[in-house]
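Okay, structure first, notes after.
The values are calculated or read from the model by the stated rules, or taken from the named source; none is laboratory data. The shown structure was predicted, so the numbers you read here are calculated from the model rather than taken from an experiment. Here the Cβ positions follow ideal geometry from the backbone for every residue, glycine too, while neighbour counts run over all protein chains shown. Heads up: the accessible areas ignore ligands, DNA and RNA and are worked out on the full protein's heavy atoms, side chains in. Shrake-Rupley method; radii C 1.70, N 1.55, O 1.52, S 1.80 Å.
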Amino acid sequence: MSTLILQLPARPRFLPDSAVTDTGASASVGPKEFAYVLTEDGETVARQGCVALSLMPQADAVVAVMPPTDVSWHRLNLPKAPAGKLRAALASLLEESLLTDPEDVHLALAPGHKAGQTTWVAACDHTWLTSLLMQIEKARIHLDRVVPGVWPDEPASGYFHESGGDSMSGAPGGQPTVMLTWSTLDGVATWPLSGSLARSLLPEAFPPQARFFATPPVAAPAERWLGQAVTVQSHAEHLLQANRSLWNLLQFDLTPRSKGLSAISTSWRQLQSPSWRAARVGVLTLAAVQLVGLNLWAWHEARQVKLKKADMVRLLQQTYPQVRVVLDAPVQMRRETETLRTQGGLPGGNDLESLMGSVAVAWPKDAPTERLHYDGTTLSVAQPRAWGPADLEQFRSKVATTGAWVELADGKLLVRRGEKG
């Protein structure tokens, strides 16, 4: 399954004079080009580049990555609030921690969060993120997830990267400066390497198994500043690593709302995502096992039927050796048996003698029978007028012991053997 990973640009903190209109309002114009990585397996890069959204390659899933400088992290005890009021409850709890109005901030909860337990909350500028999402949607690119570039995790890691070419860098001519993003289970923070702030904020002794990464342009200055080697990580590799995050910032009012065919398409893309790979393999394995099992059972049943038919043919030919050609063993067996019975002078089950014998077994001795009629298969006897439902049921029970059955029709008792009509 192919995945397109987009790098969202950093939010500009200060705008140049050219970006300010005559009325003093800033012109909110999104970037014209986005860096991207296309991967087929989530592990290797198939294509990468920086193009306009209209020129982006097609993919089964699309993931956007937030820059580390645009996400703040807050830890709190998740309140037990209804889903419709959870966003307001979070804003109330974080009001003192946020540097701006809570209504201007987009919030997202950590994956697997549970009410009443401590969890992480990611916060970012709502207006800037929404404008980027609208720009992506306008290009008819369906965004499945928005993930942070760095998130609280272990082992501890340091990520050296460029700040971007905006005026916040503090470098002459807007040149990028080296930034350090430090991530542990206690949170994420980003500082510029210039000055003494970054070194004072880092722990004197790094945690065990701490890792340090750096983009190729800043690897050399990062190693000089850190005093040890760092792992060079290209921007494409960083996006692939972010894609493996379980986070999704599309929550609350930014949750995708799909309907109709769009909802089916969204569900299908989610099912094709790497996180559902184990489920897909399990379902396919179960279907294969069921298919093989059904075929084996059908083969077994067909073999049993074939063996039973062969037994019937063998029994027929052993009992009646004169039968050479077997077309329908049960019918031929019945026919040959009837022939032998007739030749031996024995009455059949539906002969008059047999049916009268069944009636005689159940008929009251003090009541004479009236209006007997025999049509070759059925014996009809007039029902005594004095009989009630109990008498009729008793007669039926006694006749049933002889293998015959009784049916009442037009005041007549119809007695015969065989299947009921």
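For the chain, complete DSSP H runs whose alpha carbons reach 15 Å or more along their own long axis and whose mean Kyte-Doolittle score is -1.0 or higher are 126-138, 260-271, 277-319, 352-362, 389-400. Scoring 186-192, 319-325, 250-256 by mean Cβ neighbours within 10 Å over their residues and listing the highest first yields 186-192, 250-256, 319-325. Given springs between every Cα pair under 10 Å in a Gaussian network model of the chain, which of 12, 111, 389 has the largest fluctuation? Fluctuation is largest for 389.
Estimated from helical segments only, the mean residue ellipticity of the chain at 222 nm is -10500 deg cm²/dmol, where each DSSP H run of four or more residues counts as -39500 (n - 2.57).
Surface exposure of the chain, expressed per residue as accessible area with a 1.4 Å probe, stands at 60 Å².
For the chain, the antiparallel share of DSSP beta bridges with both residues in that region comes to about 75%. A DSSP coil position with no more than 12 other Cβ atoms inside 10 Å describes the following trypsin sites (Lys or Arg not before Pro) in the range 61-115: 80, 114. Using a probe of 1.4 Å on the protein chains alone, the accessible area found for residue 103 is around 130 Å². 3J(HN,Hα) couplings calculated from phi for the range 406-418 with the Karplus curve 6.51 cos²θ - 1.76 cosθ + 1.60 (θ = phi - 60°) are, in sequence order, 10, 10, 9, 8, 6, x, 10, 9, 9, 10, 7, 10, x Hz; Gly and Pro show x. Amide H contacts of residue 187: 153, each under 5 Å away and 5 or more positions distant or on a separate chain (H built 1.01 Å from N in the peptide plane; Pro and chain starts excluded).
Carbon-plus-sulfur fraction of the accessible area of the chain, 1.4 Å probe, in percent? Here it works out to 56 percent. Would you kindly calculate the translational diffusion coefficient of the range 373-421, applying Stokes-Einstein with the Kirkwood radius from alpha carbon pairs, for 37 °C and a viscosity of 0.692 mPa s, and quote it in µm² s⁻¹ without decimals? The diffusion coefficient I find is 294 µm²/s. If I take every Cα pair under 8 Å that is 6 or more residues apart in the chain, average their sequence separation and divide by the length, what percent do I get for the relative contact order? About 12 percent, as a whole number. Pairwise inverse Cα distances across the range 46-160, averaged and inverted, put the Kirkwood hydrodynamic radius at 16.2 Å. Distance between the modelled labels on residue 92 and residue 339, one decimal in nanometres: 9.6 nm (7 Å Cα→Cβ projection).
Taking 14 Å as the straight-line reach from the Cα of residue 309, the aspartates and glutamates in range (excluding those fewer than 8 positions away in the same chain) are 301, 328.
Taken over the range 279-374, the percentage of Cα pairs per 5 Å bin, counting from 0 up to the bin with the maximum distance, is 2, 10, 11, 10, 9, 8, 9, 8, 8, 7, 6, 4, 3, 3, 1, 1.
What base-10 log of the normalised intensity I(q)/I(0) is obtained for the chain from the Debye formula, alpha carbons as equal point scatterers, at q = 0.06, 0.11 Å⁻¹? At q = 0.06, 0.11 Å⁻¹ the computed log10 ratios are -0.51, -0.97. As a calculated quantity, the FRET efficiency between residue 382 and residue 300 at R0 = 45 Å, using C-beta atoms, amounts to about 0.25. Computed over neighbours whose Cβ is under 15 Å from that of residue 75, the net charge equals -3, Lys and Arg +1, Asp and Glu -1. Looking at the range 40-166 alone, DSSP beta bridges between its own residues are antiparallel in about 75 percent of cases.
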